[in-house]
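The values are calculated or read from the model by the stated rules, or taken from the named source; none is laboratory data. This one's a predicted model, so the numbers in the text were calculated from it and none came from an experiment. For neighbour counting, all protein chains shown are included, and Cβ atoms are generated from backbone atoms with ideal geometry for every residue, glycine included. When the accessible area is computed, the model is the full protein with side chains, heavy atoms only, and any ligands, DNA or RNA have been set aside. Shrake-Rupley method; radii C 1.70, N 1.55, O 1.52, S 1.80 Å.
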Number of protein chains: 2
Amino acid sequence: MSDNHIIGLVSGVGPYAGLDLLGKIVMQTAATSDQEHLPVFSISWPSRIPDRTRFLLGRTAKNPAYPILEQLELLARMGATVAGIPCHTAHAPAIFSVIEEGVRNFSRPLKLLNMVAEVAEHLQTAMPGCRTIGLLATTGTVQTRVYQEALEPRGFRLLVPDPVIQETAVHPAIYDPKHGIKASGATSWARERVLGGAADLQQQGAQAIILGCTELPLVLTEPAINDILLIDSTLILARALIRAAAGRLKD
Amino acid sequence: MSDNHIIGLVSGVGPYAGLDLLGKIVMQTAATSDQEHLPVFSISWPSRIPDRTRFLLGRTAKNPAYPILEQLELLARMGATVAGIPCHTAHAPAIFSVIEEGVRNFSRPLKLLNMVAEVAEHLQTAMPGCRTIGLLATTGTVQTRVYQEALEPRGFRLLVPDPVIQETAVHPAIYDPKHGIKASGATSWARERVLGGAADLQQQGAQAIILGCTELPLVLTEPAINDILLIDSTLILARALIRAAAGRLKD
């Protein structure tokens, strides 16, 4: 444990995903007392950050990169030295490249991790036998090809759900204003719909499935479904942040 | 939902209790999208805050009030307007009075809620029929009479566990460096010991039991045990913070 590093999180995208990331950082840190846990600063200010999917699908011109950048700058001013954003949709190039460019201009240096790149690196090193990977994500993440562009150059083949299943099951599981995870947390309604997406990816031949939206590990908490490994991107980001902050990992 | 208010949390005392409070703020807020959730800034920097119980029991002269105050001041400088500390032991007068005095001198006003006073208020208004209340807490909280002094003037009788059970079961459930909640989260080892404390309080005649340490709701998540209501102080603090921030409560 070193106080030379402070982890900063933009936790409001969405709030349940932020909680999940915070929890995974605590749980993945080897510690026997409060004092051995890493310093973590978190800003959850979701009203400031417009919906990422609406921007990516062209339904609004407001790039959520700018308020995310403001929150990262506030974290850096407070003292954060490494940062993560638990939102895949914000990792689409149209958003993430603006954020990365802005972070480079901060007066205080901040090492911003790229969750999608961390997942790609994990697949390459920890699961070299899996080459055909399924993706469960928001329609914004699917259509902007965030994961395709990270994985295909490394020789992976990426499968996405049938468009009807994507639109009527996977995306609503995250976004439905009544039963979706962003509104109501881990509902059985959302879980059933995500399982429908996973079954479709398995039928297509997926050897592993990326939970490519940080709301998804909230309803799929098991490590595998029908022998198909689930890749928890939030867990991978949590462990990468602990490493970047020179913390001690469990396991 | 109003952005006029920002909730600030000192989340590292301990980190699991901080997570629990953050989660309860999100879950108790009526919201149908990310954007409807309240702004919450959290600082978890536990290495800076020495153990509260050791100070209260006279084993160190370092008052943890000062680093807690530094973290509250950082939260206020970032923009937080209302704040909470999810640690009962920090609410002992020898610590909390120093914090309150310091907060009054901040250049930016911060409304610091007192969790113990919120619990006393809740008992008085929501459970007027319960007059004999049991307390499960750290030995520091028990011995410094934090809850006794808040409840007895309101006409409540407060019961604490038999000293042997307190020392060999309740306190280790929280603090044991291997199996305790601060080290390892919600273990069954810790739950069994806390249940032993609850059984002793029930035998003494408790009509309700205050979970008077913010680690305890992690192992006792049910609303009641053997028909004895459990008073989740973290939940009460979460709801008080939402109200203070002019947020919309669920229910």
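Structure notes:
- Total residues in segment A:38-73 satisfying the condition of being of a type in the set (D, E, K, R), within 11 Å of another protein chain (Cβ to nearest Cβ) and over 16 Å from A:V13 (Cα atoms): the figure is 0.
- Residue satisfying condition, being out of contact with any strand residue (DSSP E or B) (no Cβ under 8 Å at 6 or more places or on another chain) and at pLDDT below 95, within set B:K250, B:K178: B:K178
- Candidates A:I236, A:I209, filtered to the one that is open to solvent by less than 30 Å² (accessible area, probe 1.4 Å), more than 13 Å from chain B (Cβ to nearest Cβ) and out of contact with any strand residue (DSSP E or B) (no Cβ under 6 Å at 6 or more places or on another chain): A:I236
- Subset tally (residues that are farther than 13 Å from B:G212 by Cα, part of a loop (DSSP other than H, G, I, E, B) and of a type in the set (A, V, I, L, M, F, W, C)) for segment B:154-176: 1
- Test set (1) charged (D, E, K, R); (2) open to solvent by less than 10 Å² (accessible area, probe 1.4 Å); (3) modelled with pLDDT of 95 or more - A:E215 fails condition number: (3)
- Subset of segment B:1-15 [surrounded by fewer than 24 Cβ atoms within 10 Å (Cβ to Cβ) and either within 7 Å of another protein chain (Cβ to nearest Cβ) or without any contact (Cβ under 8 Å) to a residue 60 or more places away in the chain (or both)]: B:M1, B:D3
- Scanning segment B:20-37 for residues that are open to solvent by less than 30 Å² (accessible area, probe 1.4 Å), facing another protein chain (nearest Cβ under 8 Å) and under 25 Å from the mean Cα position of the chain (by Cα) gives B:L22, B:G23, B:V26, B:A31, B:H37.
- The residues of segment B:84-117 that are more than 14 Å from chain A (Cβ to nearest Cβ), open to solvent by less than 40 Å² (accessible area, probe 1.4 Å) and outside any helix (DSSP H, G or I), listed by number, are B:G84, B:A92, B:F106, B:L110, B:L112, B:L113.
- Checking each residue in segment B:129-153 for being closer than 14 Å to B:I210 by Cα, of a type in the set (S, T, Y) and in a helix (DSSP H, G or I) picks out B:T141, B:Y147.
- There is at least one residue in segment A:118-127 that is of a type in the set (S, T, Y), surrounded by fewer than 17 Cβ atoms within 10 Å (Cβ to Cβ) and either under 21 Å from A:R239 (Cα atoms) or in contact with a Ser or Thr (Cβ under 8 Å, 6 or more places away or on another chain) (or both).
- Count of residues meeting criterion [aliphatic (A, V, I, L, M) and closer than 24 Å to B:K24 by Cβ] in segment A:160-209: 6
- Where A:T221 falls short, out of the listed (1) in contact with an Asp or Glu (Cβ under 9 Å, 6 or more places away or on another chain); (2) exposed (fewer than 15 other Cβ atoms within 10 Å of the Cβ); (3) not in a loop (DSSP other than H, G, I, E, B): (3)
- Subset of segment A:153-191 [more than 10 Å from chain B (Cβ to nearest Cβ), open to solvent by 50 Å² or more (accessible area, probe 1.4 Å) and more than 30 Å from A:E121 (Cβ to Cβ)]: A:V164, A:E167, A:T168, A:H179, A:S188, A:W189
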